[in-house]
Amino acid sequence: MKQNDFQKVANQVSFVTIVVNILLAFMKLLAGVFAHSNAMISDSIHSASDCFCSLKEIKCSCIISQSVYP
């Protein structure tokens, strides 16, 4: 598999992961609010932080790939 193909697949997987984590965080937040559960609300914040980490990974991988493969 070429580097460009690998990067496209990696970006697609990351995008799906971000979308699923956003949905998961939102559902956990709703469940936590309705059930008055601080643990569920904090877990939704943790899921949201996974989204931000995935976005950061995509950004860093693009920067690294541009510097290594100009």
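General remarks:
- Among the residues of the range 32-61, those that are of a type in the set (A, V, I, L, M, F, W, C) and touching a residue at least 12 places away in the same chain (Cβ under 8 Å) comprise 40, 41, 45, 48, 51, 55, 58.
- Any pair with Cβ under 6 angstrom, 6 or more apart, that starts in the range 4-25 at a residue that is free of Cβ contacts under 8 Å to residues at least 24 places away in the same chain and ends at one that is of a type in the set (Ser, Thr, Tyr): 24/47
- Only residues that are at pLDDT below 85 and hydroxyl-bearing (Ser, Thr, Tyr) were counted in the range 18-67, giving 4.
- Among the residues of the range 1-32, the one identified as outside any helix (DSSP H, G or I) and among the charged types (D, E, K, R) is 2.
The values are calculated or read from the model by the stated rules, or taken from the named source; none is laboratory data. Computed from a predicted structure; not experimentally measured. Note that we place each Cβ from the backbone using ideal geometry, even for glycine, and neighbour counts take in every protein chain shown.
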